[in-house]
Amino acid sequence: MTDTKRLPKKTRTTAAVLLASVLSISLIPVVQSQLMFRNTVTGDVLDFSFGKKGKETEAVKHFKNTGENLYNEDEEAIHNGESLFMTACSGCHGHHAEGKLGPALGDDYYTYPKNATDKGLFETIYGGARSMMGPQYNNLTIDEMLEIMAWIRSVYWGDPEKAEWLSEEQKANFTPAPIPDDYKEALENFKK
Ligand code: HEC
C-alpha cells in the first residue's frame, strides 16, 4: 500500500481524480442495473452469460430492465412465437396451449402464481421448473422466448383481472381468446 500523505500534493490530487473515475466507472453498471431474474423452483439468480447466443435486441434490453415484453400485441413477433412454440413447447403443452403432458398455458390457473407476470413466465421458460419442464436457455434465445411469451399471452382465455401482465387500462379493454375445444379434455387428463 502507498501512503498517499507522503506524496506531493499534485500527485495526491491526481490519485484522487483517478480513484474517483475508477469508482464512477464501476458504479455505472449498478446505476443501470437490470432486474434480478430467479429460477422458479430454486430461487437461484439466473445467469445470462451462457445458453443460446442471440442478438441483444431492443426487446431483450427493455425486458431485462423492466420485465415488460414489447412483443405483446406485436403481430409479427406473435406469428414467430407461434411457430417457435409449435417446435419447442406444443409436444408437451398442446398446439393451442390447452395442456397435455404439461399444464395449459392459456388459462388463468398457474402452478407457479408468478407466471401471471411476464417476468415470472420468462423465468420459468429460461430456467425451467420441475420434472419434464427443463430449462430452455440452450434451445432458444431470449428474444425467441419473448416471442413465444407474446404468443402465449395472445391466446389467453382466462379472466382479464388475473392477467397481471396487463395494465389496468388494458384489463378493462381486454377480450379473452376463445377457449380451445381440447382444453376441458386436457384438464381432465392432467388431473389424473
Ligand atoms: C418435455 C415436456 C415439456 C416441454 C418441451 C415444455 N414443457 Fe413447460 N412444462 C412441462 C411440465 C411437465 C410442466 C409442469 C412442471 C412443474 O409443475 O414444475 C411444465 C410447466 C410449464 C410452465 C408453468 C405453468 C404454470 O402453471 O405455472 C410454463 C410457463 C411452461 N411449462 C412453459 C413452457 C414453454 C413456453 C415451453 C417451450 C419453450 C415449454 N414449457 C416446454 C413440460 C414441458
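At-a-glance table
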| quantity | calculated |
| --- | --- |
| Set 157, 165, 151: member being more than 6 Å from the ligand (Cβ to nearest atom) and surrounded by fewer than 19 Cβ atoms within 10 Å (Cβ to Cβ) | 157 |
| Of all residues making up segment 43-88, the number that are under 19 Å from residue 133 (Cβ atoms) and assigned by TED's automatic domain parsing to the domain that holds residue 115 | 6 |
| Considering residues of segment 128-143 that are touching a Phe, Trp or Tyr at 6+ places or on another chain (Cβ under 8 Å) and within 11 Å of the ligand (Cβ to nearest atom) only, the residue farthest from residue 111 (Cα to Cα) | 137 |
| Residue check for residue 146: within 12 Å of the ligand (Cβ to nearest atom), assigned to a helix (DSSP H, G or I) and buried (at least 20 other Cβ atoms within 10 Å of the Cβ) | yes |
| Residue satisfying condition, being out of contact with any helix residue (DSSP H, G or I) (no Cβ under 9 Å at 6 or more places or on another chain) and of a type in the set (A, V, I, L, M, F, W, C), within set 187, 146 | 187 |
| Test: residue in segment 16-28 that is modelled with pLDDT under 80 and surrounded by 11 or more Cβ atoms within 10 Å (Cβ to Cβ) | yes |
| Considering residues of segment 83-114 that are touching a residue at least 40 places away in the same chain (Cβ under 8 Å) and part of a helix (DSSP H, G or I) only, the residue nearest to residue 160 (Cα to Cα) | 114 |
| Only one of 126, 156 that is in contact with a Pro (Cβ under 9 Å, 6 or more places away or on another chain), assigned to a loop (DSSP other than H, G, I, E, B) and aromatic (Phe, Trp, Tyr) | 156 |
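Okay, residues lined up against (1) under 15 Å from residue 158 (Cα atoms); (2) within 12 Å of the ligand (Cβ to nearest atom); (3) touching a strand residue (DSSP E or B) at 6+ places or on another chain (Cβ under 8 Å):
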residue: 70; (1), (2), (3): no, no, no
residue: 84; (1), (2), (3): no, yes, no
residue: 87; (1), (2), (3): no, yes, no
residue: 92; (1), (2), (3): no, yes, no
residue: 98; (1), (2), (3): yes, no, no
residue: 103; (1), (2), (3): yes, yes, no
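The values are calculated or read from the model by the stated rules, or taken from the named source; none is laboratory data. From a predicted model like this one, the values you see are computed outputs, not experimental measurements. Don't worry about glycine lacking a Cβ; one is built from the backbone with ideal geometry, like all the others, and counts go over all protein chains shown.
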